[in-house]
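Student: One structure is given below, represented as structure tokens, and several questions about it will come after.
The values are calculated or read from the model by the stated rules, or taken from the named source; none is laboratory data. What you are looking at is a predicted structure, and each value in this text was computed from that prediction instead of being measured. Note: ideal-geometry Cβ built from the backbone for every residue, glycine included; neighbour counts use all protein chains shown. SASA here: full protein model, heavy atoms, side chains in, ligands and nucleic acids out. Shrake-Rupley method; radii C 1.70, N 1.55, O 1.52, S 1.80 Å.
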Amino acid sequence: AQDAGEYTCDSGDQQTTASLHVKVLPVLFNKELKNVEAEEGGTAVLRCEISKPDAPVEWRKGGVVIQPSDKYEVKLKGSVAELVIHGVEPDDC
């Protein structure tokens, strides 16, 4: 999207100008989340794959945004997004 704008070719005596419009594609899920089971006190990992590497993602539980903390580790490596939940408790269901 940052490449959009007007471009000019200048020969010294003449010039021509054109506009470039960039159609931004939406981020899609190549691999969706799958259900996970974990033992109490253990670690659970939720993982999905997105179509645009390093596109920003947001993790939520019940509509509430999850912030990184000692309990919640948020990772984004290329097109793989992970939420690691440490010390799983029944309230984490």
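Student: If you take the residues of the range 6-49 that are open to solvent by 100 Å² or more (accessible area, probe 1.4 Å) and polar (S, T, N, Q), which of them is nearest to the chain's Cα centre (by Cα)?
Tutor: The extreme case among them is ASN35.
Student: Looking only at the range 18-27, decide whether some residue is among the basic types (Lys, Arg), part of a loop (DSSP other than H, G, I, E, B) and farther than 30 Å from ASP92 by Cβ. Break it down stepwise before answering.
Tutor: At the first step, the residues of the range 18-27 found to be among the basic types (Lys, Arg) are 23.
With the extra rule that they be part of a loop (DSSP other than H, G, I, E, B), the set shrinks to 23.
Retained after the next criterion (residues that are farther than 30 Å from ASP92 by Cβ): 23.
Taking every residue of the range 18-27 in turn, at least one turns out to be among the basic types (Lys, Arg), part of a loop (DSSP other than H, G, I, E, B) and farther than 30 Å from ASP92 by Cβ.
Student: Could you grab the pairs with beta carbons closer than 7 Å, sequence gap of 6+ or different chains, first residue in the range 1-27 and under 26 Å from LYS52 (Cα atoms), second one open to solvent by 90 Å² or more (accessible area, probe 1.4 Å) and of a type in the set (S, T, N, Q)?
Tutor: Once the first residue is under 26 Å from LYS52 (Cα atoms) and sits in the range 1-27, no partner that is open to solvent by 90 Å² or more (accessible area, probe 1.4 Å) and of a type in the set (S, T, N, Q) comes close enough.
Student: Which of the residues belonging to the range 50-70 are modelled with pLDDT of 95 or more, more than 12 Å from ILE85 (Cα to Cα) and surrounded by 10 or more Cβ atoms within 10 Å (Cβ to Cβ)?
Tutor: Matches in the range 50-70: ILE50, SER51.
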